[in-house]
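Working notes, structure below.
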Amino acid sequence: MKSSDIGKSAEDYLESMVILKEKNGYIRSVDIASFLGVTKPSVSNAMKRLREEGYIEMENSGAITVTEKGMAIADKIYTRHKKLTGFFISLGVDPVIAEDDACKIEHDLSDETFDAICSHIENIGKANKSKKK
């Protein structure tokens with residue numbers, strides 16, 4: 001299943017879980033709601049759907065774990081987010097705007113275009129290293 005098959009909202013939830021796990025060491029619904037600026041009932045509905053589809057597991061304590069299936073999607077989206085944000089900042093875009101713009105396009109950008117951007121970033125890095133020598 002391609003990540004785009006699960007929808008942007010589900011991708012955002014999975015991405016937020018990876019970010020929260022990285023930041024806090026754990027994932028809780030209340031933190032997801034706060035992070036995404038959504039209501040607790042919205043998070044509950046999303047968690048139910050993600051659990052039923054095998055993207056997450058939830059313990060009785062409320063702790064959330066992203067499964068391998070969910071992590072594959074979350075990592076892809078989070079990687080896109082970080083690379084695009086960095087790229088936009090390198091173009092001179094304000095970091096807040098760069099972050100917001102990356103969030104808007106990380107889901108819709110084709111793999112081909114994303115790979116081309118990554119290659120471009122890599123080539124610029126190589127060129128800059130050559131200039132410094």
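Could you list, in sequence order, all residues of region 70-84 that are surrounded by fewer than 18 Cβ atoms within 10 Å (Cβ to Cβ), over 10 Å from residue 14 (Cβ atoms) and either in contact with a His (Cβ under 7 Å, 6 or more places away or on another chain) or charged (D, E, K, R) (or both)?
Selection gives 82, 83.
Need at least 3 residues that are within 30 Å of residue 124 (Cα to Cα) and among the small types (Gly, Ala, Ser) per element, so show me which helices (runs of 4 or more DSSP H) inside region 20-111 make the cut, counting only ones lying wholly within it.
Where helices (runs of 4 or more DSSP H) fall fully within region 20-111 and carry at least 3 residues being within 30 Å of residue 124 (Cα to Cα) and among the small types (Gly, Ala, Ser), they are 68-90.
No lab work stands behind these numbers, since they all come straight from the coordinates. Fair warning: this is a prediction, and the values are worked out from it, not measured in the lab. Positions of Cβ are backbone-derived with ideal geometry, glycine not excepted, and every protein chain shown enters the neighbour counts.
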